[in-house]
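**Student:** Let me give you the structure first, and then I'll get to my questions.
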Amino acid sequence: MPAPVFDLSYTRLPQVLYTPYQPTPAPAAIMILHNNALAKNLGIDTKWLSSGAALKFFSGQTPPDAYTPLAMAYAGHQFGGFSPRLGDGRAVLIGENVAPNNIRHDIHLKGSGRTSYSRGGDGKAALRAVLKEYIFSESLAALGIPTTRSLAAITTGETIMRQKPHPGAILVRTARSHIRVGTFQYARLCQDETVLKTLADYSIDRLFPEINAPNPYTELLSQVIEKQAKLIAQWMSFGFIHGVMNTDNMAISGETIDFGPCAFMEGFAPNRVFSSIDHHGRYAWNKQPEMAYWNLTRFAESLLPLLHADEDKAVEIAQERLAKFSEIFTAHYNHLMLAKIGLSPDMDGAPQTLSAAMSMLAAHEIDFTLFFRRLTDIAGGESEEGFLELFPQETGVKTWLKTWQKLRASKDYDPDIALAKMQTLNPVYIPRFSQLETALEAAEQGDMDAFNQLLAVLTAPFNEQKQYAELVIPAPDTDAHARTFCET
Ligand code: AMP
Ligand code: MG
(Lines give C-alpha, C1' and ligand atoms only; values in the text may rest on other atoms or scores of the structure.)
(Ligands and ions follow the chains in the order given, each with its own letter.)
Protein backbone atom coordinates (compact mmCIF):
# COMPACT_ATOMS: atom_id res chain seq x y z
CA MET A 1 0.00 0.00 0.00
CA PRO A 2 2.21 2.86 -1.20
CA ALA A 3 1.71 6.21 0.52
CA PRO A 4 1.58 9.03 -2.02
CA VAL A 5 4.72 11.10 -2.39
CA PHE A 6 3.65 14.70 -1.96
CA ASP A 7 5.91 17.73 -2.24
CA LEU A 8 5.39 21.47 -1.90
CA SER A 9 6.52 23.64 -4.80
CA TYR A 10 4.83 26.69 -3.23
CA THR A 11 7.71 26.92 -0.74
CA ARG A 12 9.91 28.04 -3.64
CA LEU A 13 7.97 31.32 -3.68
CA PRO A 14 9.08 34.33 -1.61
CA GLN A 15 8.34 33.80 2.07
CA VAL A 16 6.06 36.82 2.35
CA LEU A 17 3.48 34.80 0.44
CA TYR A 18 3.01 32.13 3.13
CA THR A 19 3.76 31.02 6.68
CA PRO A 20 5.17 27.55 7.41
CA TYR A 21 2.58 25.84 9.55
CA GLN A 22 2.09 22.42 11.09
CA PRO A 23 -1.64 21.64 11.61
CA THR A 24 -2.84 21.07 15.17
CA PRO A 25 -3.46 17.32 15.69
CA ALA A 26 -7.17 16.47 15.97
CA PRO A 27 -7.97 14.72 19.30
CA ALA A 28 -10.13 11.84 18.00
CA ALA A 29 -10.14 11.81 14.23
CA ILE A 30 -12.48 9.55 12.22
CA MET A 31 -12.61 9.52 8.43
CA ILE A 32 -16.28 9.62 7.50
CA LEU A 33 -15.96 10.06 3.73
CA HIS A 34 -13.27 9.29 1.20
CA ASN A 35 -13.47 9.81 -2.51
CA ASN A 36 -12.02 6.82 -4.35
CA ALA A 37 -12.98 8.06 -7.81
CA LEU A 38 -11.03 11.27 -7.26
CA ALA A 39 -8.11 9.42 -5.68
CA LYS A 40 -7.86 7.24 -8.81
CA ASN A 41 -7.77 10.33 -11.05
CA LEU A 42 -4.97 11.74 -8.95
CA GLY A 43 -3.04 8.47 -8.89
CA ILE A 44 -3.47 8.16 -5.12
CA ASP A 45 -3.79 4.57 -3.85
CA THR A 46 -7.39 4.10 -2.65
CA LYS A 47 -6.22 1.58 -0.03
CA TRP A 48 -3.89 4.20 1.41
CA LEU A 49 -6.70 6.78 1.35
CA SER A 50 -8.91 4.65 3.61
CA SER A 51 -6.03 3.61 5.87
CA GLY A 52 -5.05 4.77 9.35
CA ALA A 53 -1.91 6.31 7.81
CA ALA A 54 -3.98 8.67 5.64
CA LEU A 55 -6.18 9.58 8.61
CA LYS A 56 -3.11 10.41 10.69
CA PHE A 57 -1.62 12.47 7.89
CA PHE A 58 -4.80 14.46 7.21
CA SER A 59 -5.60 15.04 10.89
CA GLY A 60 -2.17 16.50 11.66
CA GLN A 61 -0.83 13.54 13.67
CA THR A 62 2.00 12.56 11.33
CA PRO A 63 3.62 15.58 9.72
CA PRO A 64 5.26 15.14 6.31
CA ASP A 65 9.01 14.61 6.73
CA ALA A 66 10.24 16.10 3.46
CA TYR A 67 8.82 19.61 3.93
CA THR A 68 6.83 21.83 6.28
CA PRO A 69 3.20 22.52 5.27
CA LEU A 70 2.11 26.13 4.95
CA ALA A 71 -0.74 28.60 5.24
CA MET A 72 -1.06 30.85 2.19
CA ALA A 73 -1.25 34.63 2.47
CA TYR A 74 -3.78 36.61 0.47
CA ALA A 75 -5.72 39.85 0.54
CA GLY A 76 -9.28 40.32 -0.66
CA HIS A 77 -12.17 42.59 -1.46
CA GLN A 78 -15.01 41.22 0.64
CA PHE A 79 -18.40 42.55 -0.53
CA GLY A 80 -16.48 45.46 -2.09
CA GLY A 81 -14.42 46.41 1.01
CA PHE A 82 -10.68 45.74 0.94
CA SER A 83 -8.86 43.64 3.57
CA PRO A 84 -5.10 43.76 2.97
CA ARG A 85 -4.39 40.64 5.03
CA LEU A 86 -6.68 37.60 4.97
CA GLY A 87 -4.89 34.34 4.22
CA ASP A 88 -5.59 30.74 5.26
CA GLY A 89 -7.09 31.35 8.68
CA ARG A 90 -8.40 27.80 9.10
CA ALA A 91 -6.63 25.92 6.37
CA VAL A 92 -3.25 24.50 5.48
CA LEU A 93 -1.58 23.39 2.29
CA ILE A 94 -0.45 19.96 3.45
CA GLY A 95 1.15 18.92 0.17
CA GLU A 96 0.94 18.83 -3.62
CA ASN A 97 0.27 15.71 -5.62
CA VAL A 98 1.55 15.16 -9.13
CA ALA A 99 -0.87 12.85 -10.96
CA PRO A 100 0.24 10.32 -13.60
CA ASN A 101 -0.79 12.86 -16.28
CA ASN A 102 1.77 15.23 -14.69
CA ILE A 103 -0.87 17.62 -13.37
CA ARG A 104 -0.13 19.06 -9.97
CA HIS A 105 -2.92 19.43 -7.40
CA ASP A 106 -2.90 21.10 -4.01
CA ILE A 107 -3.93 18.90 -1.09
CA HIS A 108 -5.45 21.31 1.35
CA LEU A 109 -7.02 20.86 4.78
CA LYS A 110 -9.86 23.15 5.77
CA GLY A 111 -10.73 23.30 9.49
CA SER A 112 -7.28 22.27 10.67
CA GLY A 113 -6.69 24.90 13.37
CA ARG A 114 -5.58 28.47 13.94
CA THR A 115 -2.79 29.97 11.83
CA SER A 116 -1.08 33.35 11.78
CA TYR A 117 -3.92 34.54 9.50
CA SER A 118 -6.78 33.51 11.80
CA ARG A 119 -7.50 36.97 13.22
CA GLY A 120 -10.41 36.41 15.67
CA GLY A 121 -11.44 33.01 14.26
CA ASP A 122 -10.99 29.59 15.88
CA GLY A 123 -9.44 28.01 12.79
CA LYS A 124 -12.00 25.21 12.87
CA ALA A 125 -14.83 24.08 10.61
CA ALA A 126 -18.23 22.69 11.52
CA LEU A 127 -19.15 19.24 10.21
CA ARG A 128 -22.18 20.60 8.38
CA ALA A 129 -20.08 23.19 6.53
CA VAL A 130 -17.55 20.51 5.58
CA LEU A 131 -20.28 18.17 4.33
CA LYS A 132 -21.95 20.97 2.44
CA GLU A 133 -18.74 21.87 0.63
CA TYR A 134 -18.07 18.18 -0.01
CA ILE A 135 -21.43 17.54 -1.65
CA PHE A 136 -21.55 20.80 -3.63
CA SER A 137 -18.05 20.37 -5.01
CA GLU A 138 -18.78 16.81 -6.08
CA SER A 139 -22.11 17.88 -7.57
CA LEU A 140 -20.47 20.73 -9.54
CA ALA A 141 -17.75 18.39 -10.77
CA ALA A 142 -20.32 15.83 -11.94
CA LEU A 143 -22.13 18.58 -13.84
CA GLY A 144 -18.87 19.30 -15.65
CA ILE A 145 -18.12 22.60 -13.89
CA PRO A 146 -14.47 23.28 -12.98
CA THR A 147 -14.22 23.21 -9.19
CA THR A 148 -12.07 22.33 -6.22
CA ARG A 149 -12.81 18.73 -5.24
CA SER A 150 -13.29 16.82 -2.01
CA LEU A 151 -10.96 13.93 -1.31
CA ALA A 152 -12.05 13.14 2.25
CA ALA A 153 -13.97 14.39 5.29
CA ILE A 154 -12.84 13.76 8.84
CA THR A 155 -14.58 14.42 12.13
CA THR A 156 -12.11 15.72 14.70
CA GLY A 157 -13.82 14.69 17.94
CA GLU A 158 -14.08 18.35 18.96
CA THR A 159 -17.18 20.41 19.58
CA ILE A 160 -17.03 23.86 18.07
CA MET A 161 -19.30 26.82 18.72
CA ARG A 162 -21.17 28.67 16.02
CA GLN A 163 -24.78 29.75 16.67
CA LYS A 164 -24.89 26.53 18.69
CA PRO A 165 -22.41 23.69 19.34
CA HIS A 166 -21.49 21.57 16.32
CA PRO A 167 -19.23 18.58 15.74
CA GLY A 168 -15.90 19.80 14.28
CA ALA A 169 -14.50 18.44 11.02
CA ILE A 170 -11.76 18.77 8.41
CA LEU A 171 -12.29 18.81 4.66
CA VAL A 172 -9.48 17.42 2.55
CA ARG A 173 -9.80 19.48 -0.59
CA THR A 174 -7.91 19.36 -3.87
CA ALA A 175 -7.42 22.11 -6.44
CA ARG A 176 -5.29 22.78 -9.50
CA SER A 177 -4.11 25.63 -7.31
CA HIS A 178 -5.41 27.77 -4.46
CA ILE A 179 -3.88 30.94 -5.91
CA ARG A 180 -6.59 33.55 -5.83
CA VAL A 181 -7.12 37.03 -7.25
CA GLY A 182 -6.52 38.02 -3.62
CA THR A 183 -3.08 36.33 -3.70
CA PHE A 184 -2.08 38.71 -6.51
CA GLN A 185 -3.55 41.65 -4.62
CA TYR A 186 -1.40 40.65 -1.65
CA ALA A 187 1.72 40.28 -3.81
CA ARG A 188 1.13 43.70 -5.36
CA LEU A 189 0.85 45.26 -1.89
CA CYS A 190 4.34 43.96 -1.04
CA GLN A 191 5.73 46.84 -3.13
CA ASP A 192 8.40 44.50 -4.40
CA GLU A 193 8.04 43.71 -8.06
CA THR A 194 10.07 40.51 -7.78
CA VAL A 195 7.39 39.02 -5.47
CA LEU A 196 4.67 39.80 -7.99
CA LYS A 197 6.74 38.55 -10.90
CA THR A 198 7.71 35.33 -9.15
CA LEU A 199 4.06 34.63 -8.30
CA ALA A 200 3.02 35.33 -11.90
CA ASP A 201 5.80 33.14 -13.31
CA TYR A 202 4.88 30.32 -10.93
CA SER A 203 1.20 30.62 -11.90
CA ILE A 204 2.00 30.52 -15.60
CA ASP A 205 4.36 27.60 -15.20
CA ARG A 206 1.86 25.61 -13.17
CA LEU A 207 -1.51 26.55 -14.68
CA PHE A 208 -0.88 27.98 -18.15
CA PRO A 209 2.33 26.33 -19.40
CA GLU A 210 1.14 26.77 -23.00
CA ILE A 211 1.57 30.55 -22.76
CA ASN A 212 4.16 31.63 -25.24
CA ALA A 213 3.78 35.35 -25.90
CA PRO A 214 6.14 38.34 -25.98
CA ASN A 215 4.57 39.48 -22.70
CA PRO A 216 3.41 36.34 -20.86
CA TYR A 217 1.67 38.38 -18.14
CA THR A 218 -0.72 39.99 -20.61
CA GLU A 219 -1.55 36.52 -21.81
CA LEU A 220 -2.00 35.34 -18.21
CA LEU A 221 -4.56 38.10 -17.74
CA SER A 222 -6.38 37.04 -20.91
CA GLN A 223 -6.42 33.39 -19.92
CA VAL A 224 -7.79 34.10 -16.45
CA ILE A 225 -10.47 36.37 -17.95
CA GLU A 226 -11.49 33.68 -20.43
CA LYS A 227 -11.64 30.93 -17.81
CA GLN A 228 -13.75 33.03 -15.46
CA ALA A 229 -16.14 34.15 -18.21
CA LYS A 230 -16.76 30.53 -19.16
CA LEU A 231 -17.05 29.42 -15.55
CA ILE A 232 -19.72 32.01 -14.72
CA ALA A 233 -21.65 31.05 -17.87
CA GLN A 234 -21.58 27.43 -16.73
CA TRP A 235 -22.69 28.27 -13.18
CA MET A 236 -25.59 30.28 -14.47
CA SER A 237 -26.68 27.64 -16.95
CA PHE A 238 -27.27 25.30 -13.99
CA GLY A 239 -28.89 27.96 -11.79
CA PHE A 240 -25.87 28.02 -9.48
CA ILE A 241 -25.25 30.97 -7.18
CA HIS A 242 -21.80 31.09 -5.59
CA GLY A 243 -22.93 33.49 -2.88
CA VAL A 244 -19.61 35.00 -1.83
CA MET A 245 -17.68 36.01 -4.93
CA ASN A 246 -15.10 38.06 -3.05
CA THR A 247 -11.68 38.43 -4.72
CA ASP A 248 -10.21 36.03 -2.14
CA ASN A 249 -12.76 33.44 -3.29
CA MET A 250 -11.87 33.58 -7.00
CA ALA A 251 -9.18 31.13 -8.07
CA ILE A 252 -7.09 32.11 -11.08
CA SER A 253 -7.18 28.46 -12.23
CA GLY A 254 -10.85 28.99 -13.16
CA GLU A 255 -12.04 26.50 -10.55
CA THR A 256 -15.08 27.26 -8.40
CA ILE A 257 -13.74 27.81 -4.87
CA ASP A 258 -14.94 28.68 -1.34
CA PHE A 259 -18.66 28.45 -2.02
CA GLY A 260 -19.80 28.66 1.60
CA PRO A 261 -23.29 30.10 1.27
CA CYS A 262 -23.87 28.78 -2.27
CA ALA A 263 -27.08 27.31 -3.68
CA PHE A 264 -28.74 26.03 -6.81
CA MET A 265 -31.78 28.12 -7.52
CA GLU A 266 -35.03 26.18 -7.46
CA GLY A 267 -37.88 28.61 -8.42
CA PHE A 268 -36.41 30.93 -11.07
CA ALA A 269 -35.98 34.60 -10.13
CA PRO A 270 -33.04 36.25 -11.91
CA ASN A 271 -32.12 38.44 -8.96
CA ARG A 272 -32.28 35.57 -6.46
CA VAL A 273 -29.87 35.71 -3.50
CA PHE A 274 -29.62 33.13 -0.73
CA SER A 275 -26.63 34.13 1.31
CA SER A 276 -27.60 35.49 4.70
CA ILE A 277 -24.57 37.80 4.58
CA ASP A 278 -25.31 39.25 1.13
CA HIS A 279 -27.60 42.06 2.29
CA HIS A 280 -27.58 44.08 -0.93
CA GLY A 281 -27.87 41.28 -3.46
CA ARG A 282 -24.31 41.93 -4.67
CA TYR A 283 -23.86 38.30 -5.72
CA ALA A 284 -27.35 37.53 -7.04
CA TRP A 285 -27.65 34.94 -9.84
CA ASN A 286 -27.81 37.56 -12.60
CA LYS A 287 -25.15 39.84 -11.06
CA GLN A 288 -22.44 37.18 -11.22
CA PRO A 289 -20.96 38.24 -14.62
CA GLU A 290 -20.71 41.86 -13.51
CA MET A 291 -19.11 40.85 -10.21
CA ALA A 292 -16.63 38.52 -11.92
CA TYR A 293 -15.67 41.41 -14.19
CA TRP A 294 -15.22 43.64 -11.14
CA ASN A 295 -12.93 41.04 -9.54
CA LEU A 296 -10.97 40.58 -12.77
CA THR A 297 -10.43 44.33 -12.89
CA ARG A 298 -8.80 44.01 -9.44
CA PHE A 299 -6.68 41.18 -10.86
CA ALA A 300 -5.62 43.35 -13.81
CA GLU A 301 -4.75 46.22 -11.44
CA SER A 302 -2.52 43.89 -9.45
CA LEU A 303 -0.70 42.86 -12.63
CA LEU A 304 -0.17 46.40 -13.99
CA PRO A 305 3.60 46.68 -13.26
CA LEU A 306 4.15 43.52 -15.30
CA LEU A 307 2.00 44.56 -18.25
CA HIS A 308 4.09 47.58 -19.28
CA ALA A 309 6.79 49.80 -17.77
CA ASP A 310 4.70 52.85 -18.65
CA GLU A 311 1.65 52.88 -16.38
CA ASP A 312 -0.71 54.52 -18.90
CA LYS A 313 0.19 51.91 -21.47
CA ALA A 314 -0.27 49.15 -18.88
CA VAL A 315 -3.77 50.44 -18.09
CA GLU A 316 -4.59 50.54 -21.79
CA ILE A 317 -3.47 46.93 -22.23
CA ALA A 318 -5.48 45.83 -19.19
CA GLN A 319 -8.61 47.58 -20.43
CA GLU A 320 -8.29 46.07 -23.86
CA ARG A 321 -8.07 42.54 -22.38
CA LEU A 322 -10.85 43.15 -19.84
CA ALA A 323 -13.13 44.32 -22.65
CA LYS A 324 -13.16 40.74 -23.99
CA PHE A 325 -14.90 39.41 -20.87
CA SER A 326 -18.40 40.43 -21.81
CA GLU A 327 -18.13 39.02 -25.33
CA ILE A 328 -16.75 35.66 -24.14
CA PHE A 329 -19.30 35.37 -21.35
CA THR A 330 -22.28 36.24 -23.55
CA ALA A 331 -21.30 33.89 -26.36
CA HIS A 332 -20.73 31.02 -23.96
CA TYR A 333 -23.86 31.66 -21.93
CA ASN A 334 -26.08 31.92 -25.03
CA HIS A 335 -24.57 28.80 -26.49
CA LEU A 336 -25.16 26.80 -23.30
CA MET A 337 -28.66 28.10 -22.63
CA LEU A 338 -29.76 27.47 -26.22
CA ALA A 339 -28.26 23.98 -26.13
CA LYS A 340 -30.28 23.36 -22.94
CA ILE A 341 -33.44 23.83 -25.01
CA GLY A 342 -32.01 21.84 -27.92
CA LEU A 343 -31.35 24.88 -30.13
CA SER A 344 -28.26 26.69 -31.38
CA PRO A 345 -27.38 30.38 -31.88
CA ASP A 346 -27.34 30.11 -35.69
CA MET A 347 -31.02 29.04 -35.89
CA ASP A 348 -33.42 31.83 -36.85
CA GLY A 349 -35.71 32.66 -33.95
CA ALA A 350 -33.74 30.60 -31.40
CA PRO A 351 -32.63 33.53 -29.16
CA GLN A 352 -36.20 34.88 -29.07
CA THR A 353 -37.51 31.44 -28.09
CA LEU A 354 -34.97 31.29 -25.27
CA SER A 355 -35.89 34.72 -23.92
CA ALA A 356 -39.57 33.84 -24.09
CA ALA A 357 -38.80 30.72 -22.02
CA MET A 358 -36.84 32.71 -19.44
CA SER A 359 -39.68 35.24 -19.10
CA MET A 360 -42.15 32.41 -18.64
CA LEU A 361 -39.93 30.84 -15.97
CA ALA A 362 -39.54 34.14 -14.13
CA ALA A 363 -43.24 35.04 -14.35
CA HIS A 364 -44.23 31.90 -12.43
CA GLU A 365 -40.97 31.18 -10.54
CA ILE A 366 -40.85 27.78 -12.20
CA ASP A 367 -38.30 25.27 -10.93
CA PHE A 368 -35.22 25.96 -13.09
CA THR A 369 -33.87 22.40 -13.14
CA LEU A 370 -37.22 20.68 -13.72
CA PHE A 371 -38.14 23.01 -16.59
CA PHE A 372 -35.11 22.04 -18.67
CA ARG A 373 -35.22 18.40 -17.66
CA ARG A 374 -38.86 17.90 -18.56
CA LEU A 375 -38.27 19.67 -21.86
CA THR A 376 -35.48 17.13 -22.41
CA ASP A 377 -38.01 14.37 -21.72
CA ILE A 378 -40.27 15.78 -24.46
CA ALA A 379 -37.30 15.91 -26.85
CA GLY A 380 -36.69 12.27 -25.91
CA GLY A 381 -40.21 11.29 -27.02
CA GLU A 382 -42.21 11.56 -23.80
CA SER A 383 -45.60 13.30 -23.60
CA GLU A 384 -45.88 16.99 -22.74
CA GLU A 385 -47.81 16.28 -19.57
CA GLY A 386 -44.95 16.39 -17.04
CA PHE A 387 -43.70 19.64 -18.53
CA LEU A 388 -47.10 21.35 -18.60
CA GLU A 389 -47.70 20.32 -14.98
CA LEU A 390 -44.93 22.69 -13.90
CA PHE A 391 -47.00 25.73 -14.87
CA PRO A 392 -50.06 27.13 -13.12
CA GLN A 393 -51.87 27.82 -16.39
CA GLU A 394 -51.17 26.20 -19.69
CA THR A 395 -52.09 28.62 -22.48
CA GLY A 396 -48.89 30.63 -22.91
CA VAL A 397 -46.85 27.52 -22.34
CA LYS A 398 -48.59 25.56 -25.08
CA THR A 399 -47.97 28.38 -27.55
CA TRP A 400 -44.32 28.42 -26.55
CA LEU A 401 -44.06 24.66 -27.01
CA LYS A 402 -45.54 24.95 -30.50
CA THR A 403 -42.95 27.57 -31.51
CA TRP A 404 -40.22 25.40 -30.05
CA GLN A 405 -41.42 22.30 -31.92
CA LYS A 406 -41.62 24.30 -35.14
CA LEU A 407 -37.99 25.33 -34.82
CA ARG A 408 -37.06 21.72 -34.21
CA ALA A 409 -38.87 20.72 -37.38
CA SER A 410 -36.65 22.92 -39.59
CA LYS A 411 -34.85 21.01 -42.29
CA ASP A 412 -31.24 21.00 -41.05
CA TYR A 413 -32.15 20.19 -37.47
CA ASP A 414 -30.69 16.97 -36.07
CA PRO A 415 -32.91 15.95 -33.12
CA ASP A 416 -30.55 13.19 -31.95
CA ILE A 417 -27.55 15.46 -31.62
CA ALA A 418 -29.68 18.10 -29.89
CA LEU A 419 -31.11 15.54 -27.48
CA ALA A 420 -27.69 14.13 -26.61
CA LYS A 421 -26.55 17.63 -25.68
CA MET A 422 -29.69 18.34 -23.67
CA GLN A 423 -29.07 15.18 -21.70
CA THR A 424 -25.63 16.38 -20.64
CA LEU A 425 -26.72 19.94 -19.78
CA ASN A 426 -30.01 19.31 -17.99
CA PRO A 427 -29.53 17.31 -14.78
CA VAL A 428 -32.21 15.38 -12.95
CA TYR A 429 -30.57 15.99 -9.58
CA ILE A 430 -29.15 19.11 -8.00
CA PRO A 431 -28.56 19.66 -4.25
CA ARG A 432 -31.98 20.87 -3.10
CA PHE A 433 -32.40 22.83 0.14
CA SER A 434 -34.77 20.69 2.12
CA GLN A 435 -33.15 17.39 1.13
CA LEU A 436 -29.71 18.68 1.96
CA GLU A 437 -30.87 20.15 5.25
CA THR A 438 -32.42 16.81 6.28
CA ALA A 439 -29.20 14.99 5.34
CA LEU A 440 -26.99 17.47 7.23
CA GLU A 441 -29.17 17.31 10.34
CA ALA A 442 -28.97 13.51 10.36
CA ALA A 443 -25.21 13.59 9.72
CA GLU A 444 -24.70 15.82 12.74
CA GLN A 445 -26.49 13.13 14.75
CA GLY A 446 -24.10 10.53 13.36
CA ASP A 447 -26.37 9.08 10.65
CA MET A 448 -24.78 9.43 7.21
CA ASP A 449 -27.38 7.40 5.23
CA ALA A 450 -29.37 10.31 3.80
CA PHE A 451 -26.16 12.17 2.96
CA ASN A 452 -24.64 9.18 1.20
CA GLN A 453 -27.83 8.61 -0.77
CA LEU A 454 -27.84 12.24 -1.91
CA LEU A 455 -24.17 12.06 -2.79
CA ALA A 456 -24.83 8.96 -4.91
CA VAL A 457 -27.45 10.69 -7.08
CA LEU A 458 -25.59 14.00 -7.27
CA THR A 459 -22.45 12.35 -8.58
CA ALA A 460 -24.44 10.84 -11.47
CA PRO A 461 -26.83 13.78 -11.89
CA PHE A 462 -28.01 13.08 -15.43
CA ASN A 463 -29.13 9.48 -14.76
CA GLU A 464 -32.65 9.18 -13.49
CA GLN A 465 -32.82 6.48 -10.81
CA LYS A 466 -36.41 5.37 -10.23
CA GLN A 467 -35.81 4.39 -6.60
CA TYR A 468 -34.88 7.99 -5.83
CA ALA A 469 -37.95 9.61 -7.41
CA GLU A 470 -38.54 11.79 -4.34
CA LEU A 471 -35.15 13.47 -4.79
CA VAL A 472 -36.24 14.97 -8.13
CA ILE A 473 -39.00 17.14 -6.71
CA PRO A 474 -38.54 20.35 -4.74
CA ALA A 475 -40.26 20.54 -1.36
CA PRO A 476 -43.08 23.11 -1.54
CA ASP A 477 -42.14 26.69 -0.61
CA THR A 478 -38.64 25.97 0.67
CA ASP A 479 -36.82 27.82 -2.02
CA ALA A 480 -37.81 31.44 -2.31
CA HIS A 481 -37.11 32.41 1.27
CA ALA A 482 -34.34 29.96 2.02
CA ARG A 483 -31.19 31.44 3.51
CA THR A 484 -27.76 29.91 3.28
CA PHE A 485 -25.01 30.46 5.78
CA CYS A 486 -21.24 30.19 5.70
CA GLU A 487 -21.32 28.18 8.94
CA THR A 488 -17.56 28.20 8.78
P1 AMP B 1 -14.40 32.83 3.59
O2 AMP B 1 -15.35 33.97 3.49
O3 AMP B 1 -14.98 31.65 4.26
O4 AMP B 1 -13.82 32.51 2.26
O5 AMP B 1 -13.18 33.31 4.55
C6 AMP B 1 -12.68 34.61 4.55
C7 AMP B 1 -11.47 34.71 5.46
O8 AMP B 1 -11.81 34.43 6.82
C9 AMP B 1 -10.33 33.77 5.11
O10 AMP B 1 -9.14 34.44 5.39
C11 AMP B 1 -10.54 32.63 6.09
O12 AMP B 1 -9.35 31.92 6.33
C13 AMP B 1 -11.02 33.37 7.32
N14 AMP B 1 -11.84 32.51 8.20
C15 AMP B 1 -13.09 32.07 7.99
N16 AMP B 1 -13.51 31.30 9.01
C17 AMP B 1 -12.50 31.22 9.90
C18 AMP B 1 -12.32 30.57 11.17
N19 AMP B 1 -13.26 29.81 11.71
N20 AMP B 1 -11.13 30.74 11.79
C21 AMP B 1 -10.16 31.49 11.25
N22 AMP B 1 -10.28 32.13 10.08
C23 AMP B 1 -11.42 32.00 9.39
MG1 MG C 1 -12.40 32.10 1.26
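The values are calculated or read from the model by the stated rules, or taken from the named source; none is laboratory data. Just so you know, these numbers come straight off a predicted model, no measurement behind them. Glycine gets a Cβ as well: all are built from the backbone with ideal geometry, and neighbour counts include every protein chain shown. Ligands, DNA and RNA are excluded from the accessible area calculation, which covers all protein heavy atoms including side chains. Shrake-Rupley method; radii C 1.70, N 1.55, O 1.52, S 1.80 Å.
**Student:** For region 251-265, name all the residues that are open to solvent by less than 10 Å² (accessible area, probe 1.4 Å) and either in a loop (DSSP other than H, G, I, E, B) or of a type outside the set (A, V, I, L, M) (or both).
**Tutor:** The first filter runs over region 251-265 and keeps only residues open to solvent by less than 10 Å² (accessible area, probe 1.4 Å), leaving 251-252, 254, 256-257, 259, 261-265.
Correct list: Ile252, Gly254, Thr256, Ile257, Phe259, Pro261, Cys262, Phe264, Met265.
**Student:** Let me ask something else about it. Of all helices (runs of 4 or more DSSP H) completely enclosed by region 34-109, which ones contain at least 1 residues that are under 19 Å from Glu255 (Cβ atoms) and more than 16 Å from ligand 1 (Cβ to nearest atom)? Give the steps one after another, and end with the answer.
**Tutor:** Values: elements: 36-42, 46-49, 52-58.
It comes to 36-42.
**Student:** So which residues in region 266-290 are within 15 Å of ligand 2 (Cβ to nearest atom) and either closer than 24 Å to Tyr186 by Cβ or part of a loop (DSSP other than H, G, I, E, B) (or both), if there are any at all?
**Tutor:** First, the residues of region 266-290 that are within 15 Å of ligand 2 (Cβ to nearest atom): 275, 277-278, 283.
Answer for region 266-290, where residues must be within 15 Å of ligand 2 (Cβ to nearest atom) and either closer than 24 Å to Tyr186 by Cβ or part of a loop (DSSP other than H, G, I, E, B) (or both): Ile277, Asp278, Tyr283.
**Student:** Tell me which residues, restricted to region 59-88, are small (Gly, Ala, Ser) and open to solvent by less than 20 Å² (accessible area, probe 1.4 Å).
**Tutor:** First, pick out the residues of region 59-88 that are small (Gly, Ala, Ser): 59-60, 66, 71, 73, 75-76, 80-81, 83, 87.
Matches in region 59-88: Ser59, Gly60, Ala71, Ala73, Ala75, Gly76, Gly87.
**Student:** Can you name the condition, by its number, that Phe58 falls short on among (1) under 30 Å from Ala292 (Cβ atoms); (2) touching a residue at least 60 places away in the same chain (Cβ under 8 Å); (3) among the hydrophobic types (A, V, I, L, M, F, W, C)?
**Tutor:** Of (1) under 30 Å from Ala292 (Cβ atoms); (2) touching a residue at least 60 places away in the same chain (Cβ under 8 Å); (3) among the hydrophobic types (A, V, I, L, M, F, W, C), only one is false for Phe58: (1).
**Student:** Kindly indicate the residue of region 355-376 that is under 20 Å from Ser344 (Cβ atoms) and of a type in the set (Ser, Thr, Tyr) and also surrounded by the fewest Cβ atoms within 10 Å (Cβ to Cβ) among those meeting that condition.
**Tutor:** Ser355
**Student:** Just one of Thr395, Thr403, Thr424 is at pLDDT below 95, open to solvent by 50 Å² or more (accessible area, probe 1.4 Å) and more than 30 Å from Leu127 (Cα to Cα); which is it?
**Tutor:** Values: Thr403 fails: at pLDDT below 95; Thr424 fails: at pLDDT below 95.
Within the list Thr395, Thr403, Thr424, the selection yields Thr395.
**Student:** Quick test for you: out of Lys56, Lys110, pick the one residue that is farther than 20 Å from Arg12 by Cβ, of a type outside the set (Val, Ile, Thr) and buried (at least 16 other Cβ atoms within 10 Å of the Cβ). Spell out the reasoning first.
**Tutor:** Numbers: Lys56 fails: buried (at least 16 other Cβ atoms within 10 Å of the Cβ).
The unique qualifying residue is Lys110.
**Student:** Against the definition (of a type in the set (Asp, Glu), modelled with pLDDT under 95 and open to solvent by 30 Å² or more (accessible area, probe 1.4 Å)), how does Asp477 come out, yes or no? Working first, answer last.
**Tutor:** Working: of a type in the set (Asp, Glu): yes; modelled with pLDDT under 95: yes; open to solvent by 30 Å² or more (accessible area, probe 1.4 Å): yes.
Answer is yes for this residue.
**Student:** Among (1) away from ligand 1 (no atom under 13 Å from the Cβ); (2) more than 16 Å from the chain's Cα centre (by Cα); (3) surrounded by fewer than 23 Cβ atoms within 10 Å (Cβ to Cβ), where does Ile277 come up short?
**Tutor:** It is condition (1) that Ile277 fails.
**Student:** Take the residues in region 110-131 that are within 15 Å of ligand 2 (Cβ to nearest atom) and assigned to a loop (DSSP other than H, G, I, E, B); name whichever of them is nearest to Leu189 (Cα to Cα).
**Tutor:** Among those that are within 15 Å of ligand 2 (Cβ to nearest atom) and assigned to a loop (DSSP other than H, G, I, E, B), it is Tyr117.
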